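Every number here is computed from the coordinates shown, using simple stated rules; none is lab data. Note that the coordinates shown come from a computational prediction; the quantities given were computed from them, not determined experimentally. Cβ coordinates were reconstructed from backbone atoms using ideal geometry, including for glycine residues, and neighbour counts include every protein chain displayed.
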Amino acid sequence: MSCCISDLRDKEIINICDGVRLGYVVDIEVDVTSGRVISIVASGECRSLFGKSEEVVIPWECVERIGDETILVRAPEPPLPRNIKLEKKKFRIF
């Protein structure tokens with residue numbers, strides 16, 4: 001099965017470990033040396049005082065299924081906040 005990166009945009013991400021909605025896909029992080037997807041970035045469900053949601057990073061290895069409207073992930077620990085930097089080189093798609 002193949003999927004375009006644009007098809008992932010705006011899909012809802014749900015953690016199958018606890019049923020929590022993690023948000024919607026807003027970005028993809030790609031390792032440009034290997035051409036592999038490193039992680040997906042979701043807009044967090046909780047919003048701050050000024051209406052901005054915190055973005056969270058979900059490693060690609062946690063993705064279990066990609067459906068028409070949702071992405072199911074197995075994330076036993078809370079996702080990483082967006083400000084954590086990964087060691088690999090990455091290229092922002094969106």
Original post:
Residue separation times 0.36 nm, minus the C-alpha to C-alpha distance between Ser6 and Leu72: what's the value?
Top reply: 22.0 nm
Original post:
Under a plain spin-label model, where a point goes 7 Å from the Cα along Cα-to-Cβ, how far apart in nm are Ser34 and Arg65?
Top reply: 2.7 nm
Original post:
Arranged from highest to lowest average of other beta-carbon atoms within 10 Å per residue, in what order do the peptides 31-37, 62-68 appear?
Top reply: 62-68, 31-37
